[in-house]
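First comes the structure, then the notes that go with it.
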Amino acid sequence: MIMEIIKTIFIIFVLLNLIIVLHPIKPKLKFTLNIWKKFRIKMFFEIIGLIIIILTVFMFLYFFVPYMKYGWLNLFIKEGGSIAIAPVTEASKSPNFIIRIIPPVFFLIFLLAIPPLAKIEEEIFRKGFTKWKDISIQSVKFGFAHMIMGIPLAGAIALIISGLFYGYKYRNAFISSNKQFNDKPFFYAKMISEDKAITISTTYHALYNSILVSVLLILSIILIKSP
């Protein structure tokens with residue numbers, strides 16, 4: 001009973017944070033739609049390849065390297081995971097039909113909040129970093145920052161790969177854009193190039209998270225009918 005209360009508190013906490021991210025709702029939804037419009041088939045296959053690589057690295061570390069399968073969320077949920085996902089997926093298994101309705105609603109809101117969340121992370125970890133040394137350092141920070149969400153060490157290390165990928169996309173977009181404005185004042189060219197580069201890395205980041213959350217959304221809808 002106590003564990004059920006804790007899991008419910010986790011769900012409410014994360015849901016409130018997603019709602020805060022989407023406030024004010026109208027411009028945030030407009031931003032989400034604009035990012036979704038930038039999704040391309042080529043990007044989709046790139047992200048699928050990235051997901052496969054990250055999952056492969058994660059599974060290897062998780063199952064074959066000692067101490068890699070633990071994060072702080074294991075203290076509350078045996079299987080661990082992320083505070084943003086694990087309590088909700090647990091709710092999908094509930095025998096109570098009303099509780100099983102919560103996950104699809106949650107993941108739908110999560111889906112809408114992904115682009116604004118991705119932009120925040122990209123501005124923190126990618127903006128202004130175009131040298132590979134800096135990109136590498138930021139990618140390590142990016143991976144390990146996810147341990148705040150309770151993910152295991154294996155997940156944090158695997159996510160360094162996605163950080164490098166987004167950093168690569170940011171760097172390429174920045175350099176390409178900067179060349180177009182080399183006849184403009186330095187600060188103007190830098191500002192425009194950074195904005196374009198952040199948009200590109202945010203789009204890739206948002207697509208990655210959208211694919212994962214869409215899978216969870218579909219699974220949670222299927223599980224609603226389960227006894």
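Could you calculate the contour length gain from VAL215 to PHE39, that is, 0.36 nm times the residue separation minus the distance between their Cα atoms, to one decimal place in nm? Display every interim value, and only then the final one.
Details: separation 176, 0.36 × 176 = 63.36 nm, distance 1.70 nm.
Full extension from VAL215 to PHE39 adds 61.7 nm.
About its Cα centre, what dipole magnitude does the chain give when the only charges are +1 on Lys and Arg Cβ and -1 on Asp and Glu Cβ, stated in debye to the nearest 20? Please list the in-between numbers first.
On the way: 25 positive and 11 negative charges, 117 e Å.
My answer is approximately 560 debye.
Among ILE53, ILE137, LEU33, pick out the residue whose Cα is farthest towards the positive end of the charge dipole of the chain, where Lys and Arg carry +1 and Asp and Glu carry -1 on C-beta, about the Cα centre.
Result: LEU33.
What dipole magnitude, in Debye to the nearest 20, does the range 61-163 give about its Cα centre under +1 on Lys/Arg Cβ and -1 on Asp/Glu Cβ?
120
Determine which lysines satisfy two conditions relative to LYS78: a Cα distance under 27 Å, and not lying fewer than 8 residues away in the same chain.
Cross-link targets: LYS7, LYS69, LYS93, LYS141, LYS225.
Collect residues whose amide H, placed 1.01 Å from N in the peptide plane, falls under 5 Å from the amide H of TYR70; neighbours closer than 5 in sequence don't count.
LEU153, ALA154
Dipole size in debye (nearest 20) for the range 100-227 around its Cα centre, Lys and Arg Cβ +1, Asp and Glu Cβ -1? Please list the in-between numbers first.
On the way: 14 positive and 7 negative charges, 29 e Å.
Taking the Cα centre of the range 100-227 as origin, the dipole is about 140 debye.
Tell me, what HN-Hα J-couplings in whole Hz come from the Karplus equation 6.51 cos²θ - 1.76 cosθ + 1.60 at θ = phi - 60° for each residue of the range 91-97, using x for Gly and Pro?
Residue by residue, the range 91-97 yields 5, 5, 8, 5, x, 7, 4 Hz.
Which of the GluC sites (Glu not before Pro) found in the range 80-158 are in a DSSP loop and have at most 10 neighbouring Cβ atoms, other than their own, within 10 Å?
Numbers: sites: GLU90, GLU121, GLU122, GLU123; in loops: none.
Of the GluC sites (Glu not before Pro), not one in the loops of the range 80-158 has a Cβ with at most 10 other Cβ atoms within 10 Å.
Hey, could you get me the Stokes-Einstein D for the range 99-177, Kirkwood radius over alpha-carbon pairs, 20 °C and 1.002 mPa s, rounded to whole µm² s⁻¹?
Estimated diffusion coefficient is 155 µm²/s.
Using the Karplus curve 6.51 cos²θ - 1.76 cosθ + 1.60 with θ = phi - 60°, work out ³J(HN,Hα) for each residue of the range 35-42 in order, rounded to whole Hz, and write x for Gly and Pro.
Running phi through 6.51 cos²θ - 1.76 cosθ + 1.60 with θ = phi - 60° gives 5, 4, 5, 8, 4, 10, 4, 4 Hz.
Can you run phi through the Karplus equation (6.51, -1.76, 1.60; θ = phi - 60°) for the range 147-163 and list ³J(HN,Hα) in whole Hz, with x for Gly and Pro?
For the range 147-163, the Karplus-derived couplings read 5, 4, 7, x, 5, x, 4, 4, x, 4, 5, 4, 6, 4, 4, 5, x Hz, x marking Gly and Pro.
Go through 154-166, 97-109 and give me the packing order, highest mean Cβ count within 10 Å leading. Each step should come with its number before you reach the end.
On the way: 154-166: 21.9, 97-109: 17.6.
Going from most to least packed, we get 154-166, 97-109.
Comparing ASN172, ASN96, ASN74, which has the greatest mean-square fluctuation in the GNM of the chain with Cα pairs linked when under 10 Å apart?
ASN96
First obtain the Kirkwood hydrodynamic radius of the chain from its Cα pairs, then insert it into the Stokes-Einstein equation at 4 °C and 1.567 mPa s, and state the resulting D in µm² per second as a whole number.
Values: Rh = 18.8 Å.
D, rounded to a whole number, is 69 µm²/s.
Between rounded, prolate and oblate, where does the range 49-132 land on the alpha carbon gyration tensor, with a ≥ b ≥ c its root eigenvalues, rounded for a/c under 1.5, else prolate if a/b exceeds b/c?
Verdict is oblate for the range 49-132.
Farthest toward the dipole's positive end in the chain, which of MET149, PHE76, PHE44, given Cβ charges of +1 (Lys, Arg) and -1 (Asp, Glu) about the Cα centre?
Of the options given, the answer is PHE44.
Which of ILE198, ILE124, ILE85 ends up with the largest GNM mean-square fluctuation for the chain, with Cα atoms connected below 10 Å?
It is ILE124.
Divide by every residue of the chain the summed helix terms, -39500 (n - 2.57) for each DSSP H run of at least 4, and state the resulting mean residue ellipticity at 222 nm, rounded to the nearest 500 deg cm²/dmol. Let's see the in-between values first.
Values: 8 runs with 174 residues, N = 227.
When only DSSP H runs of four or more count, the value is -26500 deg cm²/dmol.
When the chain is treated as a GNM, springs tying every alpha-carbon pair under 10 Å, which of GLY49, GLY81, GLY167 comes out with the largest mean-square fluctuation?
GLY49
Any read-out appearing in this document is the output of simple, stated calculations on the displayed coordinates, not a laboratory observation. Just so we're clear, the structure is a prediction, and the values are computed from it rather than from any experiment. A quick note on method: Cβ atoms are made from the backbone with ideal geometry, for glycine too, and the neighbour counts reach across all protein chains shown.
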